[in-house]
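Working notes, beginning with the structure itself.
The values are calculated or read from the model by the stated rules, or taken from the named source; none is laboratory data. Keep in mind that this is a model prediction, so the values were computed, not measured. As a convention, Cβ positions derive from the backbone with ideal geometry for all residues, glycine included, and neighbour counts pool all protein chains shown. The accessibility values were calculated without ligands, DNA or RNA, using every heavy atom of the protein model including side chains. Shrake-Rupley method; radii C 1.70, N 1.55, O 1.52, S 1.80 Å.
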Amino acid sequence: MNLGDARQMDLAYPDRLPIIPAATLRQYKVHDPLDTRFRAAARLLQALWRESRQIPMGFYVNGKGRKRPLGSRLSAFASAAGANFLDPAIRRLAVREVAYREPGAMIDEARLWSNMLSSMPLTFNLFSALKLDRELAQAVVRALWPDLAQEVCHIQFEHSPARGDLRFTADATAFDVFLSCRDAQGAKTFIAIEVKYSEAMTEPEARGRERYEELTEVCGLYEDPSDPSLRANPLQQLWREHMLAERMVANGLYDRGVFVCLAPQLNVSVQRACQTYKTKLVAPQGPCSFQSLTLEDMIGAIRETGATEFAAALYERYCDFTPVHQLI
């Protein structure tokens with residue numbers, strides 16, 4: 001029997017990514033034994049995207065000052081040229097946003113310019129086009145949040161209403177992207193977004209603060225405010241940001257809003273964390289709800305507005321793992 005000529009069953013696994021052989025990862029200079037399954041595939045995808053455009057590779061420098069080539073990092077020249085962004089207009093907006101960032105805003109410029117795997121350049125690639133085109137922004141927002149927003153008034157990056165202010169979380173917690181809107185009746189609404197790409201919700205946990213405990217009791221978001229899982233990974237960042245969003249309504253800045261965690265569908269670490277977090281919330285959620293949204297659905301909404309080339313570029317860069325599958 002010639003298996004090469006036989007009719008095969010479908011060999012694709014659309015609901016998962018492969019465990020990539022270490023030899024393949026080393027070949028493309030992206031081997032990191034600490035990477036999750038998704039992060040390894042995403043790191044390889046970024047290296048393949050970079051190679052397909054003949055963008056020079058950069059280096060990773062460890063704590064001892066030793067550097068090694070890293071396929072998901074851009075060279076200093078490519079970083080300065082804005083190669084981490086999908087369009088020169090996005091690069092120009094990123095430069096401006098960094099220059100005029102809010103006092104205390106935590107923007108790691110090295111990650112923004114040179115780290116292809118970081119969620120920070122993804123955030124700018126995804127939302128800069130919306131900030132530069134109000135009609136596009138409003139079409140996308142109306143498609144995804146029709147009951148919440150009719151008009152997009154402003155889009156901000158790395159936004160907090162007031163860092164360190166006791167009226168809020170009294171810390172440096174901020175949203176990756178914040179959309180100030182109006183609904184059909186003219187009420188002030190918002191969409192506060194935390195963007196994840198390859199992260200696994202294992203970021204360093206914030207130190208315990210008395211203000212967190214006070215807010216957990218009074219915010220009215222949680223079935224069990226004393227639940228210790230809210231205060232630990234993988235939920236602690238969602239807990240802090242959702243409370244910050246709720247305080248914006250409680251303090252009269254907005255009438256209602258939604259806190260959104262945006263991540264790729266196949267990043268199971270984030271998707272599972274979001275599903276677990278939802279089980280901790282009261283129902284109905286009230287004027288400040290929580291939503292998990294896939295990156296693919298966000299790109300799909302952009303595509304449906306007619307911005308097909310931009311949507312295709314986003315999908316190829318961050319979600320189309322075909323080049324990875326072809327190496328298996």
| task | Please give the helix 308-318 orientation as an angle from the longest Cα principal axis of the chain, in degrees from 0 to 90, rounded to the nearest 10. | result | 80 degrees
| Where does the longest stretch of the chain lie that holds no GluC sites (Glu not before Pro) found in a DSSP loop with 15 or fewer other Cβ atoms within 10 Å? | 1-204
| query | Going by alpha carbons, how many degrees (0 to 90, nearest 10) lie between the helix axis of 134-144 and the longest principal axis of the chain? | reply | 90 degrees
| Say we join alpha carbon atoms closer than 10 Å with springs in a Gaussian network model of the chain; which of P204, P56, P264 then has the biggest fluctuation? | P204
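Where does each of 40-46, 18-24 land if you order them by average Cβ count within 10 Å, highest first? Present the calculation step by step, with values, prior to reporting the outcome.
Numbers: 40-46: 25.3, 18-24: 13.3.
Result, highest mean first: 40-46, 18-24.
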| message | Give the lysines reachable from K67 as a straight Cα distance under 17 Å; neighbours fewer than 8 places away on the same chain don't count. | response | K29
| query | Given a Förster radius of 22 Å and the C-beta distance between E217 and T276 as r, what FRET efficiency does 1/(1 + (r/R0)^6) yield to the nearest 0.05? | reply | 0.55
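When the expected Rg is taken as 2.2 N^0.38 Å, what fraction or multiple of it is the alpha-carbon Rg of segment 19-158? Don't jump to the answer; show the numbers that get you there.
Working: Rg = 17.3 Å, N = 140, 2.2 N^0.38 = 14.4 Å.
Segment 19-158 yields a ratio of 1.20.
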| message | Starting from the 7 Å offset along Cα-to-Cβ, what nm value, one decimal, do you get for the label separation of C319 and Q265? | response | 0.7 nm
| Taking only protein heavy atoms and a 1.4 Å probe, what accessible area per residue, in Å², does segment 65-180 have with all protein chains in place? | 43 Å²
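What FRET efficiency would be calculated for the residue pair A172, K64, taking the C-beta separation as r and a Förster radius of 30 Å, to the nearest 0.05? If you can, show how the numbers build up before the last one.
On the way: r = 29 Å, r/R0 = 0.97.
The formula returns an efficiency of 0.55 here.
Find how much the distance from E109 to V95 grows on full extension, using 0.36 nm per residue of separation minus their present alpha carbon separation; answer in nm with one decimal. Please report the intermediate quantities before stating the final value.
On the way: separation 14, 0.36 × 14 = 5.04 nm, distance 0.98 nm.
The E109-V95 span can extend by a further 4.1 nm.
Measure up K64/K196; K131/K280; K131/K188; K131/K278 against 23 Å on the Cα-Cα distance and list the ones that go over. Don't jump to the answer; show the numbers that get you there.
Working: K64/K196 29 Å; K131/K280 33 Å; K131/K188 18 Å; K131/K278 30 Å.
Cα-Cα > 23 Å for K64/K196; K131/K280; K131/K278; rest within.
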| note | FRET efficiency (D227, Q326; Cβ distance; R0 56 Å; to 0.05) is 0.80
| At a 1.4 Å probe, what is the % contribution of carbon and sulfur to the accessible area of the chain? | 51 percent
| query | Which of these values of Cα Rg over 2.2 N^0.38 Å was calculated from the structure shown: (1) 1.04; (2) 1.21; (3) 0.97? | reply | (1)
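Calculated from DSSP H runs of 4 or more alone, at -39500 (n - 2.57) each and per residue, what is the 222 nm mean residue ellipticity of the chain, nearest 500?
Numbers: 13 runs with 130 residues, N = 328.
Counting only the DSSP helices, I get -11500 deg cm²/dmol.
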| query | How many nm is it between the label spots at L34 and R53, if each spot is 7 Å from the Cα in line with the beta carbon? | reply | 2.7 nm
